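Asker: Pasting in a structure now, in structure tokens, and then I'll have a few things to ask.
No value in this document is a laboratory result; all are computed from the given coordinates. This is a predicted model, so every value here is computed, not measured. A quick note on method: Cβ atoms are made from the backbone with ideal geometry, for glycine too, and the neighbour counts reach across all protein chains shown.
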Amino acid sequence: MKYKLIALDVDGTLINSEYQITESTIQTIKEIHRQGAHIVLCTGRGPSSTLPLLELLGIDGTVITHNGAVTVESVGSKLIHQFAFSMNELQPFVDYCRANTIHFDVNTAFEHYLEHLTDVEREMYKKYLVVPNQIDDVMTIQADIVKISIYAESDVLDQLTLDWPQIGHPEVKIIRSGEFFIDVMHHAANKGNALRSLANNWGIQAEDILAIGNYYNDVEMLKFAGLGIAMDNSPVDMKNDADAITSSNDEEGVHQALQQYCLA
């Protein structure tokens, strides 16, 4: 096996637009795992909605979740590493979301918390296998926070990005993780840094890593890997910067890339 670690984004990459992993993709990943490569899912999802995907693939392993903020071992759901912050720095941001009726949830390593939940949002969480906890005031959360996710229309997220310098905090950053999602995270948290830390722990060099992704939250991961592959459904500038391009997530792009670069 040329590559010792295969890092796969989930939504828009491993999973198609019907939120399914095709049987061909599953069998290809199983074969690569059988031949000794580490399969690491790297996603904006939390562990609770990522670990079931490993079960679907029929393998144990490690997942990088919350866009690099939390790394978890599937056996025993063991927390390996996290980039965390507290809610204290983000009162102006929470006030902004409340005043503008922008939906957001607050994530610890393993739990999701929110203040309001409509039917539209409930359906969104269902797609991502998330069961959030509804509380009166997220500012009362004392546990370490790894991510705050905002779910809104694109124009709302564009305006929030413009307003961030006035409502944000230097210890945290925002990243556009999808057309309708922005994540607030520790300034050092990203998939690339999490992948680098994991590879160092395993004694794996960057040139021995293959990574596949489709959106801007995957950029650092693709740049760190020896071979960074963009899906055809990625933004144009991402595809221009990638080492290679595979088919879209609706055309089994992951299956095709792994067949070509790992099993050919």
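Asker: Taking 8 Å as the Cα distance limit and 6 or more residues as the minimum spacing, I'd like the relative contact order of the range 172-233 as a percentage.
Answerer: 31
Asker: Just to confirm my numbers, what's the Cα centroid distance between the range 1-62 and the range 137-158 in Å?
Answerer: 27
Asker: Then there is this: For the range 127-183, what does the alpha-carbon gyration tensor say about shape, rounded, prolate or oblate, given a ≥ b ≥ c as the root eigenvalues, a/c under 1.5 as rounded, and a/b over b/c as prolate?
Answerer: oblate
Asker: Mean separation of Cα pairs under 8 Å and 6+ residues apart, divided by the residue count of the chain: what relative contact order is that in percent?
Answerer: Contact order relative to length: 21 percent.
Asker: Which value at 222 nm does the chain reach when only helices count, each DSSP H run of 4 or more adding -39,500 (n - 2.57), with the total divided by all residues and rounded to the nearest 500 deg cm²/dmol? Walk me through the numbers on the way to the answer.
Answerer: On the way: 9 runs with 85 residues, N = 264.
Computed mean residue ellipticity for the chain: -9500 deg cm²/dmol.
Asker: For 238, 124, which order do you get if you count the other beta carbons within 10 Å of each Cβ and list the fewest first?
Answerer: In increasing order of surrounding Cβ atoms, one gets 124, 238.
Asker: Ranking request for peptides 70-77, 10-17: highest mean number of other beta-carbon atoms within 10 Å first, then the rest in descending order.
Answerer: Going from most to least packed, we get 10-17, 70-77.
Asker: While we're looking at this one, here's another question. Once each part is reduced to its C-alpha centroid, what is the distance from the range 169-206 to the range 65-90 in angstrom?
Answerer: 11
Asker: Separate question: Once phi is turned into ³J(HN,Hα) by the Karplus curve 6.51 cos²θ - 1.76 cosθ + 1.60 with θ = phi - 60°, what whole-Hz value does each residue of the range 215-228 show in order, with x for glycine and proline?
Answerer: Taking θ as phi minus 60°, the curve returns 9, 4, 6, 9, 4, 4, 5, 5, 5, 6, 5, x, 10, x Hz for the range 215-228.
Asker: Less than 15 Å Cβ to Cβ from residue 251, Lys/Arg counted +1 and Asp/Glu -1: what total charge do the surrounding residues give? If you can, show how the numbers build up before the last one.
Answerer: On the way: positive: 239; negative: 18, 23, 232, 250, 252.
Combined, the nearby Lys, Arg, Asp and Glu give -4.
Asker: Under the definition of Cα pairs under 8 Å and six or more residues apart, what whole-number percent is the relative contact order of the range 17-86?
Answerer: Values: 90 pairs, mean separation 16.2, N = 70.
After rounding, I find 23 percent.
Asker: Which residue fluctuates the most in the chain, going by a Gaussian network model with Cα springs under 10 Å, if the choices are 37, 99, 211?
Answerer: Largest GNM mean-square fluctuation: 99.
Asker: Next question. Does the range 51-133 come out rounded, prolate or oblate, given a ≥ b ≥ c as the square roots of the eigenvalues of its C-alpha gyration tensor, rounded meaning a/c under 1.5 and, failing that, prolate meaning a/b above b/c?
Answerer: oblate
Asker: In addition: Would you please report the Å³ per residue occupied by the convex hull of the alpha carbon atoms in the range 75-185? All intermediate terms of the calculation are to be shown ahead of the outcome.
Answerer: On the way: hull volume 12.6 nm³, N = 111.
Looking at the range 75-185, the number lands at 114 Å³ per residue.
Asker: Going by C-beta contacts inside 10 Å, put 155, 243, 208, 218 in order with the fewest on the left. List each step's numbers first, then the result.
Answerer: On the way: 155 8, 243 15, 208 19, 218 33.
Lowest count first: 155, 243, 208, 218.
Asker: Now for a separate question. Counting other C-beta atoms within 10 Å, which of 147, 30 has the fewest, and how do the rest follow?
Answerer: Ascending Cβ contact count within 10 Å gives the list 30, 147.
Asker: Work out the FRET efficiency for residue 250 and residue 118 from their Cβ-Cβ distance, taking R0 = 25 Å, and round it to the nearest 0.05.
Answerer: After rounding to 0.05, the efficiency reads 0.30.
Asker: I would also like to ask the following. Within 10 Å, count the other beta carbons around each residue, average over each peptide in 135-142, 175-182, and list them highest first.
Answerer: Ranking the peptides 135-142, 175-182 by packing returns 175-182, 135-142.
Asker: Where both partners of a DSSP beta bridge lie in the chain, what percent of those bridges are antiparallel, to the nearest 5? Spell out each step's value before the answer.
Answerer: Numbers: 26 of 47 bridges.
Here the share of antiparallel DSSP bridges comes out near 55 percent.
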